[in-house]
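Some notes on the structure that comes next.
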Amino acid sequence: MIAVARVGLPTLIGVLAAFLVMAPLTAGGDVSFVLDKNKVDVATERMKLQSAQYRGQDSKGQAFRLDAGSAIQKSSAEPIVQLNRLDAHIQLTDGPAQIRANTGRYDMDTQKVQLDGPLNFTAAGGYDLKTNDATLDLANRTMRSGGAVKGTVPQGVFSANALRADLEGRTVTLDGNARLRIVPRGTK
C-alpha cells in the first residue's frame, strides 16, 4: 500500500499540476451576460450602515466614540439620518461619561440630534441622569430634554419637569417643579 502511494501520489500531483497549467489555454473564450434592470434589486436608502462607529477628539482633546446599531439616510434630498441603538462615550478630565438612547435623528442642515425614547447619561463621580426625548444642538453645544428628568449627583438626587444644559459652560438648569434632596456625606 505504501509502495503504491509512494509512486501514485507524486504522479497524481504531476497530472493535477499539468491540468492547472493547461486549463486557461483551453478555455472557450469570454463569458458575457446581460443584466435586466427590472430584475436588479434597487436600494431604497441613499446610505445604510450597520454597526456604525465614529471616533475622534473634541476641541479639548478628549477622546470620544459614537456607536449606532444602524444609521440610515433615505435620500440625498433629505438631510436626516435615522439612528438606532445609540451609545456615546467621552473621556472627560474627571473620568468617562456615557449616553445611551434607543433611537434618534441627526439633521445635517441644522446640526441637531433629536433623541427619542428613554435617555440615560452616566459619568464618573456618581452622576446619573434619566429623561425621555432630548434635543442636542451640536452647533450651539446645548441640550434640552423633551420631558421630565431625574437623576443622581454626588450631593443627592434631583427631579424636574425639564432640563436645559449648556455643554460648553458645563451648566444645567432644571425647569418646573425642581426638587433636590441633599444627602450629607456623613450619613449613608
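The values are calculated or read from the model by the stated rules, or taken from the named source; none is laboratory data. Just so it is clear, the structure is predicted and the values come from calculations on it, not from any experiment. Positions of Cβ are generated from backbone atoms using ideal geometry, with glycine treated the same way; all protein chains shown enter the neighbour counts.
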TODO: Go through Val81, Val172, Val113, Val157 for me and flag whichever is out of contact with any Pro (no Cβ under 6 Å at 6 or more places or on another chain), free of Cβ contacts under 8 Å to residues at least 12 places away in the same chain and not in a loop (DSSP other than H, G, I, E, B).
DONE: Val172
- [ ] Scan the stretch 66-82 residue by residue and report those that are among the charged types (D, E, K, R) and over 14 Å from Gln111 (Cα atoms).
- [x] Asp67, Lys74
Task: Enumeration of residues in the stretch 103-116 that are under 10 Å from Leu83 (Cβ atoms) and surrounded by 15 or more Cβ atoms within 10 Å (Cβ to Cβ) - done: Thr103, Gly104, Tyr106, Val113, Gln114, Leu115, Asp116
Open item on the list: Being within 16 Å of Pro79 (Cα to Cα) and either at pLDDT 90 or above or in a strand (DSSP E or B) (or both) is the filter here; which residues of the stretch 100-110 pass it?
Closed with: Gly104, Arg105, Tyr106, Asp107
Task: Cβ-Cβ under 6 Å pairs, at least 6 apart or on other chains, the stretch 127-139 side closer than 25 Å to Gln155 by Cβ, far side among the small types (Gly, Ala, Ser) and in a strand (DSSP E or B) - done: Asp128/Gly151; Leu129/Gly151; Thr131/Ser145; Ala134/Ser145
Task: Residue identified as within 27 Å of Gly61 (Cβ to Cβ), touching a residue at least 24 places away in the same chain (Cβ under 8 Å) and not aromatic (Phe, Trp, Tyr) among Ala97, Ala165 - done: Ala97
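Residues checked against (1) modelled with pLDDT of 90 or more; (2) small (Gly, Ala, Ser); (3) touching a helix residue (DSSP H, G or I) at 6+ places or on another chain (Cβ under 8 Å):
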residue	(1), (2), (3)
Leu136	no, no, no
Met143	no, no, no
Pro154	no, no, no
Val157	yes, no, no
Ala162	yes, yes, no
Glu168	no, no, no
Lys188	no, no, no
TODO: Return a yes/no flag: does the stretch 125-144 have any residue that is in contact with a strand residue (DSSP E or B) (Cβ under 7 Å, 6 or more places away or on another chain), among the hydrophobic types (A, V, I, L, M, F, W, C), within 28 Å of Ser76 (Cβ to Cβ) and not in a loop (DSSP other than H, G, I, E, B).
DONE: yes
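Out of all the residues in the stretch 13-21, is one or more touching a strand residue (DSSP E or B) at 6+ places or on another chain (Cβ under 6 Å), surrounded by 10 or more Cβ atoms within 10 Å (Cβ to Cβ) and either part of a strand (DSSP E or B) or at pLDDT 75 or above (or both)? It would help to see each step written out before you state the result.
In the first step, residues of the stretch 13-21 are kept if they are touching a strand residue (DSSP E or B) at 6+ places or on another chain (Cβ under 6 Å); the result is none.
Among the residues of the stretch 13-21, not one is touching a strand residue (DSSP E or B) at 6+ places or on another chain (Cβ under 6 Å), surrounded by 10 or more Cβ atoms within 10 Å (Cβ to Cβ) and either part of a strand (DSSP E or B) or at pLDDT 75 or above (or both), which makes the answer no.
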